[in-house]
Amino acid sequence: MRSTNSGRPRALAVASMATVMVLAGCSGGSGTTDEADTLTVNWGGFPENWAPGAEMEAGYLRVPYENLVALDAGGAIRPVLATRWKQTDEALTLTLRKGVTFHDGTPFDAEAVKANLEFIRDGETAYAGPLKVIESVDAVDAHTVRLNLSEPTPSLLTMLSTRATPMGSPKAIKAGTIVRTPVGTGPWAYDASASSRGNRMTFTYYDDYWGGEDSVGFRTVELHAIPEDSSAGVALAVGEIALTDTETTQLGSIKINRHLRHLTYPALRNNPMFFDRGPGGAFADVRVRRAACHALDTQEIVKLEPDFKEHTQHFGEGEPGYNPDIEGYDHDLQTAQALMAEAGSPQVSVEVLAAPFNEKQLRVYAEQLGKAGIEVTVRPAASPEYFSQWNSGRYALGLGSNDELTPYDWYKAWFAEGAPGNPAKVESAELKAAADAAIAAGDSDLADELWQKVTKIVSDEALTCAHLTGEELIAWNTEIVTDVKASSQPWETNLVDYKALRPAGE
């Protein structure tokens, strides 16, 4: 596990004073660990909430946490904390791995699974929606848990593989401390004494990890917070960090440095959501929603973000729910204005919350919507406020990432009457009937065709539109780390296969 490499590249000899200060803040201080055994990663910041079900990026979550199951490269379910499973229309029964403990010593057992799933299901994020199907959770014995379902849900195992459902210590969940201090079952446990608030979060190998020490290449993982891509690029080149996410603007510097490599993978689905659809709401009239969709010009966003790609719908070709008959909404300002006139030229004035990472896009959208007669005020907010409020119902319009992998999860998260992402709590009779039929079909041959009808209605009703996907760009220093590859878990940002990474020269 230890690296035999004693030198690190010094390709960039001069850095700005601001960069030097950033690097000093990230790498200095007491409690630092053996460099040869330490993987230093920069994702640009830290989650404000580490609790299971919170909206945190996977690159953070998958250091201390594990799921019950995962997806392999072919999309098949593979065991992690659950070793076997049996699913019927009425229940999903899981056999749990023995000999697993959380980082605080709490046993991982059926009661722990029950505590986690109920905590996430009863939460307020969109992740709660697809788990509402779980009517109750029975701890059959210490290592067997049964999820009793209100309706057939063949996609439930897929949901249990995603960042929506990591397993956290029930003791820490009950105490509320898990919000600030992650406690999972993964190879690395949070080490507060070796961390530096705001600069570095250190995770050290958990000696009682069920997978054993040989399952990982580094004993320590340090997460750093260098928000500027140029500063992170300098840190990467001089060996202060081993791996970072970055932007296409940095590719030139990466390519000319013989020690640096990069990869890209599809990681983000991006689309606006019309929340205020209830009676009298700003977007209650489907003509107003369609007008908004025609007013939006995603090509302008692609010019700003070259890694973005335009799509007619949420799901891609080959994925469940993809419907080739969905044409989407072409940018057509004349049609948008005509639809607004047909709707009676309503005075639509709404506010949208923006985070640092999507404010630029939202300001472009606000200008475009204004030309159709929809006035949008963009209110900047820090990321923590954004994640807790953007889809709370306080704002009529939102822009977020819908990372659900199946049409069932997408529908239950955002469009069903009781969905957490549907604060107006409205759903057309046509959409409900189509979804009910698709759900009743279970995993039959007819199911995908029925879910295609659901996604077509979502598009026709303009509940969302302007679909974009973005790629994650990861760069690393080959003199520090090797065997870097994207995770097999799809549509997760800031993520590599941590356990596959090995020190250079090992």
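Quick look at the values:
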| item | result |
| --- | --- |
| Taking the chain and dividing mean pair separation by its residue count, relative contact order in percent (alpha carbons under 8 Å, at least six apart) | 22 percent |
| Listed peptides 370-381, 491-502, 35-46 by packing density, highest first (mean Cβ within 10 Å) | 35-46, 491-502, 370-381 |
| log₁₀ of I(q)/I(0) at q = 0.12, 0.15, 0.18 Å⁻¹ - the stretch 304-381, Debye sum with one point per alpha carbon | -0.50, -0.75, -0.97 |
| Positive-end extreme of charge dipole, the chain - chosen from Gln334, Val286, Ala126 (charges on Cβ) | Ala126 |
| Highest average packing first - 87-94, 242-249, 162-169, Cβ atoms within 10 Å | 162-169, 242-249, 87-94 |
| Cβ-based exposure ranking for His311, His294, in which fewest neighbours within 10 Å come first | His311, His294 |
| Highest average packing first - 430-441, 268-279, Cβ atoms within 10 Å | 268-279, 430-441 |
| Unit charges on C-beta of K, R, D, E only; dipole of the stretch 69-173, Debye | 380 debye |
| Residue-span extension gain [Glu300 to Ala433] - 0.36 nm each, minus C-alpha spacing | 44.2 nm |
| Positive-end extreme of charge dipole, the stretch 268-469 - chosen from Leu268, Val364, Ala438 (charges on Cβ) | Val364 |
| Cα-centred dipole magnitude for the chain, charges only on beta-carbon of K, R (+1) and D, E (-1), debye, nearest 20 | 1020 debye |
| Eligible lysines near Lys453 by straight Cα distance, threshold 19 Å, same-chain separation 8 or greater | Lys412, Lys432 |
| Net lengthening on full extension, Ser345/Lys171 (0.36 nm per residue, minus Cα-Cα) | 57.1 nm |
| Sequence-distant residues sharing a close amide H with Gln313 (under 5 Å, placed H) | none |
| Chymotrypsin sites (Phe, Trp or Tyr not before Pro) restricted to DSSP loop in the stretch 335-416 with at most 13 other C-beta within 10 Å | Phe357 |
| Centre separation in Å (Cα based) which lies between the stretch 59-81 and the stretch 464-479 | 20 Å |
| Among [x] 146, 65, 37; [y] 91, 69, 48; [z] 71, 59, 39, the entry that matches Cα extents along the principal axes in Å as calculated here | [z] |
| Selected from Gln313, Leu68, Thr177, residue furthest toward positive end of dipole (the chain; charges at beta carbon) | Thr177 |
| Cα-centred dipole magnitude for the stretch 268-469, charges only on beta-carbon of K, R (+1) and D, E (-1), debye, nearest 20 | 740 debye |
| Residue-averaged [θ]222 nm for the chain, counting only DSSP H segments that reach four residues, each worth -39500 (n - 2.57) | -7500 deg cm²/dmol |
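Quick note: the coordinates plus some simple rules give every number you see, no bench work behind them. On a predicted model such as this, the values are computed, not experimentally measured, just so you know. Heads up, the Cβs are rebuilt from the backbone with ideal geometry, glycines too, and the neighbour counts pull from every protein chain shown.
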